[in-house]
Amino acid sequence: MHRPGSPPFVGRLVDTSACGVGVCFPQPNWPNLTVGQEIDLVFFSEKFNEPLTVAVRVQHRTEEAGARRYGFRFLHAEQLDAHLCLTFRQFFNRRKSLRVLPEPYHTAKVTLDAGHGEPPAEARMENLSASGAAVSLEAELDAEFAETTRVGFSMQMPKFRRPVDVMGNIRYRRLVGVRIYYGIEFDPELSEDFARQQEIINKYLTKLEKQWLRISA
């Protein structure tokens, strides 16, 4: 992390998404930043040809045992995405950091296939990342998936010609009200041409991010 006129602070990346990152700084080498402050983060990785400098804004700050954790939001997420290779975009869309879909654009059509020869079940998208999703479906449909953890995941995004069709594994199931929530992790090994499918998802996520930025501006 770098602030003009100050020595750099070295932190540990603990959380990533397409719109921001979480960084933990150990005591006593931690910066004193205010929420809303704008700074530059510099990323170092053997995957990069050179260090990558990104402008961010402090979104939140948490005091932990012997450390201080900051949540940073990218100031120019759309420009950042346009200059990143697919490998780097995937790194910033790991499953552990889900992207919540803005309600006005919550129109992607999702179906789940249990592989029993029955018609796919309709589901509602709750959140999405490049490597997984959370969906909900009517509680009575859970019986179709009771004996399996592997499902076919199909998603047709509005204004996208090609749907996403991947295989996934149900990692958790939770009853919320009258619906069942599934946390699904996509399976790269079992999914046909997974890199191309993931690139389609990344384009959709970028589109949603731009829409979200316009709404929140």
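Tabulated data
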read-out	value
Net length gained if the chain between His116 and Leu141 were fully extended (0.36 nm per residue, minus Cα distance)	7.7 nm
Stretch gain in nm, segment Arg161-Thr148, where the contour uses 0.36 nm per residue and the Cα spacing is subtracted	1.7 nm
With DNA, RNA and ligands ignored, accessible area of Phe9 (1.4 Å probe; Å², nearest 10)	30
Efficiency of FRET between Arg171 and Phe43 - r from beta-carbon atoms, R0 22 angstrom, step 0.05	0.20
Distance from region 164-195 to region 121-160 (C-alpha centre basis), Å	6
Two-site FRET efficiency, Val35 against Val178, from Cβ-Cβ distance with R₀ of 25 Å, rounded to 0.05	0.10
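The values are calculated or read from the model by the stated rules, or taken from the named source; none is laboratory data. Quick caveat: nothing in here was measured; it's all calculated off a predicted structure. Note that each Cβ is placed from the backbone with ideal geometry, even for glycine, and that neighbours are counted across all protein chains shown. Keep in mind that these areas ignore ligands, DNA and RNA; they rest on the heavy atoms of the full protein, side chains included. Shrake-Rupley method; radii C 1.70, N 1.55, O 1.52, S 1.80 Å.
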